[in-house]
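To start, the structure itself, in structure tokens.
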Amino acid sequence: MGDSGYISDHEKERLSKFYNSMDEELITSESDFTFDMWSLILGLLNENGKEGKRRLIDVGGGTGRLSRAAFRYGFEVYLTDILPELLNIATAKYSEFEGRTYLLDIFDPKSVDDFIDAHGYFDVVLCLGFVINHTDSLERTETAFFNLVKLMNDKAVLVLDALIRELYMGYPLVIWDRLTNTLIPISTMLKYFKKYGLILKHLHSLEYSYSKPNYHYMDRGIRFFLVKAW
Ligand SMILES: C[S@@+](CC[C@H](N)C(=O)[O-])C[C@H]1O[C@@H](n2cnc3c(N)ncnc32)[C@H](O)[C@@H]1O
């Protein structure tokens, strides 16, 4: 990787290989979801007095399996990812995403600034499925976090999934195939919230199980619901 703070072509290739070999039907959530993400988001937006058409961005949204539901709640949806092939699958599978997919590298400040110049700020920023951990250094997780905050307008809700170090005691790194994921200590996460002016409104645990022909692994993380402090 170069030292420009974002992802190299070589890493993009590895990501692409990994996600293209994954059968989404085989990803299962082990969490007992007594928490409905959409009702929590709508509740927070209402608390903030956010009315009218609401703009939602899904960062690292892949094939759109989670943000697809947002259309039902009347959001104007922007599905973004670093891999164009996943966005193409999204539009092929779900016609709602036609004309609503964009390339965006959340670790690259310029990519995010250009995106904001072209499309503005958002009322809901989703970054689900541990995208923020998809890097090899803690500094870059902070860059990604700050970039997510930049995408938020001042009454926005950020929903962020993260692999938290304390949930992997004894394992300093999480590696899927040959993709390294940086685990974020909970104290670091709390520092990000404070430094970038966010208030934690809800959280719940997440457990995902991935099956591939030759192996099987589990992810353990936390889903955070955040709003701006001002
Ligand atoms: C575990 S998948 C999650 C997909 C989706 N959000 C979900 O939860 O089903 C992680 C996604 O992050 C994307 N990704 C990895 N690095 C990224 C980056 N630098 N910027 C944006 N997306 C990235 C991958 O291409 C992949 O679609």
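Listed values, structure above:
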quantity: Qualifying residue in segment 114-129 (condition: within 14 Å of the ligand (Cβ to nearest atom), at pLDDT below 95 and not in a strand (DSSP E or B)); calculated: yes
quantity: Looking only at segment 201-230, and only at residues there that are within 22 Å of V124 (Cβ to Cβ) and exposed (fewer than 13 other Cβ atoms within 10 Å of the Cβ), the one that is modelled with the lowest pLDDT; calculated: W230
quantity: S137 within 14 Å of the ligand (Cβ to nearest atom) and modelled with pLDDT under 95; calculated: yes
quantity: Residue in segment 88-99 that is among the charged types (D, E, K, R) and within 16 Å of the chain's Cα centre (by Cα) present; calculated: no
quantity: When residues of segment 67-97 are limited to those that are crowded, with 17+ Cβ neighbours inside 10 Å and part of a loop (DSSP other than H, G, I, E, B), the one farthest from the ligand (Cβ to nearest atom); calculated: Y94
quantity: Tally, over segment 103-121, of residues that are buried (at least 17 other Cβ atoms within 10 Å of the Cβ) and free of Cβ contacts under 8 Å to residues at least 40 places away in the same chain; calculated: 2
quantity: Subset of segment 142-158 [within 11 Å of the ligand (Cβ to nearest atom) and either crowded, with 21+ Cβ neighbours inside 10 Å or at pLDDT below 95 (or both)]; calculated: A144, N147, L148
quantity: Among residues of segment 52-66, those that are outside any loop (DSSP other than H, G, I, E, B) and closer than 14 Å to V131 by Cβ, counted; calculated: 2
quantity: Selection count, segment 134-172, where residues are among the polar types (S, T, N, Q) and over 22 Å from M218 (Cβ atoms); calculated: 4
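The values are calculated or read from the model by the stated rules, or taken from the named source; none is laboratory data. Not measured: the values here are computed from a predicted model. Cβ: placed from backbone, ideal geometry, glycine included. Neighbour counts: every protein chain shown.
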